[in-house]
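Enquirer: I'd like to ask some things about the structure below.
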């Protein structure tokens with residue numbers, strides 16, 4: 001691999017460009033018109049504007065991206081996360097154009113993108129799964145009988161859903177049939193696939209996940225993460241390793257995640273996500289993400305493994321550089337996603353010109369960002385400005401270090417979620433690991449001190 005096209009924007013595009021440069025790989029970034037002056041455009045060796053601001057006309061324009069790669073003699077395309085990163089059709093188009101796709105093959109993307117198929121694959125691999133319907137719910141089947149076998153409350157989930165979308169909650173039998181019909185209609189409209197399945201609901205569940213790597217022959221894990229602090233199913237704070245997890249549960253999710261990667265013949269970086277029930281001390285499979293995750297830095301910090309480098313190595317050579325015995329875990333890492341949103345006005349997006357930025361520095365502090373002073377925060381894209389990461393010997397010191405780092409971070413010109421992070425990190429529930437994936441929604445007056 002000599003020349004890589006980066007089909008993304010913001011902090012992940014900067015991250016990929018910097019690692020590629022360290023590996024001696026030339027980079028070409030595709031950008032929308034307003035992103036031509038972005039930090040990412042400056043981080044790549046070259047950039048090319050492929051369309052106007054709307055993502056559908058630029059970052060989701062498959063043919064334009066592939067044409068840019070071919071016309072500029074690129075060898076490969078890295079999709080980052082979001083946009084086209086889990087699009088099996090695009091992955092196939094990249095290969096058909098004679099280019100290397102930095103990611104798993106299209107078959108694995110399709111298998112894991114369909115949640116009911118992914119659930120069945122997980123079951124075959126020995127990954128623990130929640131009680132649920134046996135595959136997609138047959139429109140002619142007796143849904144009431146299936147639900148009685150699962151128990152209430154339960155969830156109706158779109159097979160093609162993801163990212164917290166395509167899920168409906170059912171409290172009791174009286175709501176079931178109507179909810180299923182609404183879910184089918186919504187799934188058909190949003191995902192183009194009306195199939196749904198049923199799954200047991202876990203009250204106050206934590207969200208834990210396992211980072212895996214595979215090269216089609218060798219399959220390993222790089223430990224686990226906790227992403228339980230979420231707002232409307234979007235992660236806010238992530239940490240590694242997952243705290244307060246029983247050894248048996250940790251061992252089960254790590255080992256079974258590797259077996260799932262093996263079952264898929266997986267090639268690349270992937271994340272196997274679980275719901276953990278603290279009351280029953282059980283974890284169960286949710287889904288597998290077939291791309292690099294936003295929160296990958298916390299895993300990099302506790303393992304010393306550069307996941308972008310491994311992605312590029314696997315794609316270019318067919319082999320990763322490490323084996324399971326090479327993986328060593330050290331300390332605790334926490335990441336805060338800093339977004340351009342106004343917490344005092346229901347997290348309304350806060351686009352605009354960044355007038356000044358001051359980032360913290362020092363041992364154990366890392367900032368992954370796609371903006372700088374003078375950057376224009378666009379209303380067209382995700383509001384993520386940066387990921388602030390700390391790495392210390394233990395969790396308590398990591399919490400303290402993150403609070404200090406947030407205090408030393410100053411961004412003028414747009415509203416940010418920094419005050420929310422300070423509030424959440426100071427909550428006794430977070431310190432005691434008593435939070436869960438719906439915790440933020442249960443807190444009255446979130447911005448007030450506990």
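Enquirer: Only one residue in 42, 24 is assigned to a loop (DSSP other than H, G, I, E, B), surrounded by fewer than 16 Cβ atoms within 10 Å (Cβ to Cβ) and without any contact (Cβ under 8 Å) to a residue 24 or more places away in the chain, so which one is that?
Expert: None of the others qualify; the one that does is 24.
Enquirer: Does residue 33 satisfy the condition of being in contact with a strand residue (DSSP E or B) (Cβ under 7 Å, 6 or more places away or on another chain), within 22 Å of residue 11 (Cα to Cα) and surrounded by fewer than 23 Cβ atoms within 10 Å (Cβ to Cβ)?
Expert: So residue 33 passes the test.
Enquirer: Follow-up. Could you check residue 333 against (1) more than 22 Å from residue 222 (Cβ to Cβ); (2) buried (at least 18 other Cβ atoms within 10 Å of the Cβ) and say which number it fails?
Expert: Failing condition for residue 333: (1).
Enquirer: Which numbered condition in (1) surrounded by 23 or more Cβ atoms within 10 Å (Cβ to Cβ); (2) under 25 Å from the mean Cα position of the chain (by Cα) is the only one that residue 69 fails?
Expert: Every listed condition holds for residue 69 apart from (2).
Enquirer: Ok, one more. Go through (1) within 22 Å of the chain's Cα centre (by Cα); (2) at pLDDT 95 or above one by one and return the number of the condition residue 110 breaks.
Expert: It is condition (2) that residue 110 fails.
Enquirer: Can you pull out the helices (runs of 4 or more DSSP H) entirely within segment 92-157 that have at least 3 residues that are in contact (Cβ under 8 Å) with a residue 60 or more places away in the chain?
Expert: Once the helices (runs of 4 or more DSSP H) in segment 92-157 are filtered for at least 3 residues that are in contact (Cβ under 8 Å) with a residue 60 or more places away in the chain, what remains is 106-113, 115-124.
Enquirer: Strands (runs of 3 or more DSSP E) wholly in segment 185-268 with at least 1 residues that are under 26 Å from residue 309 (Cα atoms) and either touching a helix residue (DSSP H, G or I) at 6+ places or on another chain (Cβ under 6 Å) or without any contact (Cβ under 8 Å) to a residue 12 or more places away in the chain (or both) - which ones?
Expert: Where strands (runs of 3 or more DSSP E) fall fully within segment 185-268 and carry at least 1 residues being under 26 Å from residue 309 (Cα atoms) and either touching a helix residue (DSSP H, G or I) at 6+ places or on another chain (Cβ under 6 Å) or without any contact (Cβ under 8 Å) to a residue 12 or more places away in the chain (or both), they are 206-215, 219-231, 234-240.
Enquirer: Here is a further query. Which members of segment 340-350 meet the condition of being in a loop (DSSP other than H, G, I, E, B) and either modelled with pLDDT of 95 or more or buried (at least 18 other Cβ atoms within 10 Å of the Cβ) (or both)?
Expert: 340, 347, 350
Enquirer: Answer yes or no as to whether residue 322 is in a loop (DSSP other than H, G, I, E, B), in the same structural domain as residue 392 (by TED's automatic domain parsing) and buried (at least 23 other Cβ atoms within 10 Å of the Cβ).
Expert: Against the criterion (in a loop (DSSP other than H, G, I, E, B), in the same structural domain as residue 392 (by TED's automatic domain parsing) and buried (at least 23 other Cβ atoms within 10 Å of the Cβ)), residue 322 does not qualify.
Enquirer: A further question follows. Please tell me if residue 431 is more than 23 Å from the chain's Cα centre (by Cα), outside the structural domain of residue 15 (by TED's automatic domain parsing) and surrounded by 14 or more Cβ atoms within 10 Å (Cβ to Cβ).
Expert: Yes; evaluated as a whole, the condition is true for this residue.
Enquirer: Take the residues in segment 45-66 that are part of a loop (DSSP other than H, G, I, E, B) and within 23 Å of the chain's Cα centre (by Cα), then tell me which one is surrounded by the most Cβ atoms within 10 Å (Cβ to Cβ).
Expert: Filtering first and then ranking leaves 59.
Enquirer: In segment 269-319, which residue that is out of contact with any helix residue (DSSP H, G or I) (no Cβ under 8 Å at 6 or more places or on another chain) and in a loop (DSSP other than H, G, I, E, B) is nearest to residue 207 (Cα to Cα)?
Expert: 278
The values are calculated or read from the model by the stated rules, or taken from the named source; none is laboratory data. Please read these numbers as outputs of a predicted model, since none were measured by experiment. Quick reminder, even Gly has a Cβ in these numbers, built from the backbone with ideal geometry, and neighbours come from all protein chains shown.
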